[in-house]
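Here's the structure we're looking at; comments come further down.
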Amino acid sequence: MASGMVRTRIWRDILAGCLLVAVLAIVPALIPARAFQDFVIRCSSMALFATSLNLLVGYTGLSSFGHGMFFGLGTYSFALLMQRTGVALPVAFLLTLLITAVTAVAVGAICIRLRLIYFAFVTLAMQMLLHSVVISWVGLTGGDQGLMGGIPRRSVLGVDLGLQYNLYVFSAVVLVAGLLLMRHIVNTAFGTSLRMIRDNEVRAAFLGIVVWRVKLTVFVLSAVFASVGGMVMSLFVSGAYPELINWPISGDAIFAIVMGGIGSFLGPAVGTMILLLLNDVVTRQTEYYGLALGLIILAFALGLRRGVLDFITERLGGRPAGGIS
Amino acid sequence: MLRIAGLTKRFGGLTAIGDVTLDFAAGTLTAIIGPNGAGKSTFFNLISGAIVPDSGQIVFQGEDITGLSRAAIVRRGIGRAFQVASFFPSMTVAENLQAAVAAHRGQWADLGRGFPRQGVRERALEVAEMLGLHDSAHVLSANLSHGDQKLLDIALGLALEPSMLLLDEPTAGMGPEERWNMIEKVQRLWRLQNLTLVFIEHDMDIVFGIASSIRVLCYGRVLAEGTPDEIRANPAVIEAYLGTPDPEDDA
Ligand SMILES: Nc1ncnc2c1ncn2[C@@H]1O[C@H](COP(=O)(O)OP(=O)(O)O)[C@@H](O)[C@H]1O
Ligand SMILES: [Mg+2]
């Protein structure tokens, strides 16, 4: 009975995901604007990244300020593997996941035991460290210039991702697959362990949960999904740039979470859309992008006191999925 | 069932628990009494692995569990509830208990199947019923009354199907009527679940009313141990703690 309900929930999510991809695949036939496709690709990349960060922030209560290191690591590892080795794209994809996971185990092992503000700052410091390595190791990374020269052999199962439309559909598929997987994670018993740790770590430990193992596992999982977002970005920009691994990118993901809603599974994805829209509109209108964005975020934080999606869910009488009280 | 030998814990210069040696026999309902700051909560924290003793030994069912992690001690069958009710405030009562049942079944790291898995819901409801929480199953635990939050905390410990349950002041912060209500539930649990139960309590009527044996802690030391009658007659306890003896009390 219980598992029947669970199964229905999964199929409903999968169906919604397929619908989204199908609709997106048709849109360019109606609106041929290239800008729209660019927007969706960037959105997919950042939404995966922001949602992955929310596994830590919203679900587990671990506020990482350096999550962008794994996004950036994804772009650089993937671009380097494609440029420097002869492996096919899917192989580079999988290898990048592996590299990210190994790095995340090492970083996580150091950070996971720290509390609150220390966790936040040490993760931030780790990202700064990685960024400075990228900047100074010019021979490998191209330093300030980033990795130029494009991504060769852009084909997956015979589909050429060098074509804008193909990359657009591909990024939508990756987004949906990533979201479905993360959705599944938060709906498992492991996902419940995350919430238990967020609510009351001591109680969780006294119910037999090995807290550090859960924290390290979710840290690595979220890093891996951030890295997938990074790879989509790498394909979009045809390489990798230091900005993609620098700390403000972590800030973007935090903004997206705050604006979209920390307590709703799709909140960070919605927040990403708002953030990118604002970004595009505001940069066109004013050079004071940072100031404008800061004011808007203040308005969200002080006015709504929650993200857009949390706000809507509560208005509809439900409890946000993350269940933050 | 549980043997404590020479247990000592210092916080800086303060000896919270000093050379405590105690036995808890299987199936007993033991009250621990003692003034505030006597080290009662610290004693529970030591047994349950929240803190590591400076010296001494804790043997549970013949096995030395000194220094084991909280999770490892839970797995061996020691559950607990806290002086300040401890639960998961963003979840409903049912979700709290399902989470505890899943944790007890070792599913807490399960990334494969959806939550809750087969049987977890039903078992959680059973546990809620044992403490009369089933009517509030879908109430957000943060919104429960103080008394129900204390019950939920106990229920979480009980979801682990422990052989020994440690309750730190189950009646803390309750009015007289609510207190007896709680204590009746605790007593019923102890009878029906075949538990070895140890509870910390300040209300002497309750202690002498239900406990089958009593331990008195004072400044980290065992002042006295024995049956209620023995404790009542113990001169050291009378002097230090109970005040004037009351020979007419026949509770
Ligand atoms: N983690 C701790 N660090 C320092 N001192 C502590 C700690 N826990 C308890 N104490 C001290 O140990 C003594 C015993 O505390 P506790 O066990 O809570 O007493 P009780 O539960 O009997 O009221 C108190 O003086 C308290 O301040
Ligand atoms: Mg106490």
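The values are calculated or read from the model by the stated rules, or taken from the named source; none is laboratory data. None of the values given here were measured: they were computed from a predicted structure. Backbone-built Cβ (ideal geometry, glycine too); neighbour counts: all protein chains shown. With ligands, DNA and RNA removed, areas are computed over all heavy atoms of the protein, side chains included. Shrake-Rupley method; radii C 1.70, N 1.55, O 1.52, S 1.80 Å.
Worth pointing out:
- Answer from A:Ile41, A:Ile10 - the residue that is assigned to a helix (DSSP H, G or I), within 14 Å of another protein chain (Cβ to nearest Cβ) and of a type outside the set (Ser, Thr, Tyr): A:Ile10
- Every listed requirement among (1) within 12 Å of chain A (Cβ to nearest Cβ); (2) open to solvent by 10 Å² or more (accessible area, probe 1.4 Å) is met by B:Gly67 save one, (1).
- Residues within the stretch A:174-215 that are among the acidic types (Asp, Glu) and more than 7 Å from chain B (Cβ to nearest Cβ), tallied: 1
- Positions within the stretch B:186-216 being within 16 Å of ligand 2 (Cβ to nearest atom) and open to solvent by 10 Å² or more (accessible area, probe 1.4 Å), in sequence order: B:His202, B:Asp203, B:Arg215
- Number of residues in the stretch B:186-206 that are within 14 Å of ligand 1 (Cβ to nearest atom) and in contact with a helix residue (DSSP H, G or I) (Cβ under 9 Å, 6 or more places away or on another chain) equals 4.
- Count of residues meeting criterion [open to solvent by 10 Å² or more (accessible area, probe 1.4 Å), without any contact (Cβ under 8 Å) to a residue 60 or more places away in the chain and either in a helix (DSSP H, G or I) or not aliphatic (A, V, I, L, M) (or both)] in the stretch A:202-220: 4
- Just one of the listed residues (A:Ile110, A:Ile99, A:Ile117) is free of Cβ contacts under 8 Å to residues at least 12 places away in the same chain, assigned by TED's automatic domain parsing to the domain that holds A:Arg198 and open to solvent by 60 Å² or more (accessible area, probe 1.4 Å), and it is A:Ile117.
- Per the listing B:Asp23, B:Asp110, the residue uniquely surrounded by 18 or more Cβ atoms within 10 Å (Cβ to Cβ) and more than 16 Å from ligand 1 (Cβ to nearest atom) is B:Asp110.
- Among the residues of the stretch B:160-185, those identified as open to solvent by less than 10 Å² (accessible area, probe 1.4 Å), under 27 Å from B:Gly62 (Cβ atoms) and away from ligand 1 (no atom under 16 Å from the Cβ) are B:Leu160, B:Met164, B:Leu165.
- The listed residues are B:Val74, B:Val52, B:Val93, B:Val101, and the only one of them that is touching a residue at least 12 places away in the same chain (Cβ under 8 Å), open to solvent by 10 Å² or more (accessible area, probe 1.4 Å) and away from ligand 1 (no atom under 16 Å from the Cβ) turns out to be B:Val74.
- Residue match in the stretch A:61-83 (condition: among the hydroxyl-bearing types (Ser, Thr, Tyr) and either outside the structural domain of A:Ser222 (by TED's automatic domain parsing) or within 30 Å of B:Met91 (Cα to Cα) (or both)): yes
Listed here are the residues, each with its yes/no results for (1) surrounded by fewer than 24 Cβ atoms within 10 Å (Cβ to Cβ); (2) more than 30 Å from A:Arg154 (Cα to Cα); (3) more than 19 Å from the chain's Cα centre (by Cα); (4) more than 14 Å from chain B (Cβ to nearest Cβ).
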| residue | (1), (2), (3), (4) |
| --- | --- |
| A:Gly230 | no, no, no, yes |
| A:Ser234 | no, no, no, yes |
| A:Pro242 | yes, no, no, yes |
| A:Gly260 | no, yes, no, yes |
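- The single condition among (1) within 30 Å of A:Ile185 (Cβ to Cβ); (2) crowded, with 17+ Cβ neighbours inside 10 Å; (3) within 13 Å of chain A (Cβ to nearest Cβ) that B:Glu122 does not meet is (2).
- Of all residues in the stretch B:130-148, those that are within 14 Å of another protein chain (Cβ to nearest Cβ) have Cβ atoms under 9 Å from Cβ atoms of residues that are of a type in the set (Lys, Arg), 6 or more apart or on another chain, in B:Leu140/A:Arg319.
- Selection within the stretch B:67-95 - in a loop (DSSP other than H, G, I, E, B), more than 16 Å from ligand 2 (Cβ to nearest atom) and either closer than 23 Å to A:Thr60 by Cα or not aliphatic (A, V, I, L, M) (or both): B:Gly67, B:Ser69, B:Arg76, B:Gly77, B:Phe87, B:Phe88, B:Pro89, B:Ser90, B:Met91
- Single unsatisfied condition, B:Tyr219 versus (1) under 14 Å from the mean Cα position of the chain (by Cα); (2) within 16 Å of ligand 2 (Cβ to nearest atom); (3) not hydrophobic (A, V, I, L, M, F, W, C): (1)
- All positions within the stretch B:96-119 that are facing another protein chain (nearest Cβ under 7 Å) and not in a loop (DSSP other than H, G, I, E, B): B:Ala99, B:Ala100, B:Ala102, B:Ala103, B:His104, B:Gly114
This table checks each residue for (1) open to solvent by 30 Å² or more (accessible area, probe 1.4 Å); (2) among the hydrophobic types (A, V, I, L, M, F, W, C); (3) in contact (Cβ under 8 Å) with a residue 40 or more places away in the chain.
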position: A:Ile14; (1), (2), (3): yes, yes, yes
position: A:Pro28; (1), (2), (3): no, no, yes
position: A:Ala47; (1), (2), (3): no, yes, yes
position: A:Leu53; (1), (2), (3): no, yes, yes
position: A:Leu62; (1), (2), (3): no, yes, yes
position: A:Phe70; (1), (2), (3): no, yes, yes
position: A:Pro90; (1), (2), (3): yes, no, yes
position: A:Val105; (1), (2), (3): yes, yes, yes
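- Index of the failed condition, A:Val281 passing every other in (1) free of Cβ contacts under 8 Å to residues at least 40 places away in the same chain; (2) in the same structural domain as A:Asn54 (by TED's automatic domain parsing): (2)
- Qualifying residue in the stretch B:15-35 (condition: within 14 Å of chain A (Cβ to nearest Cβ), at pLDDT below 95 and within 14 Å of ligand 2 (Cβ to nearest atom)): no
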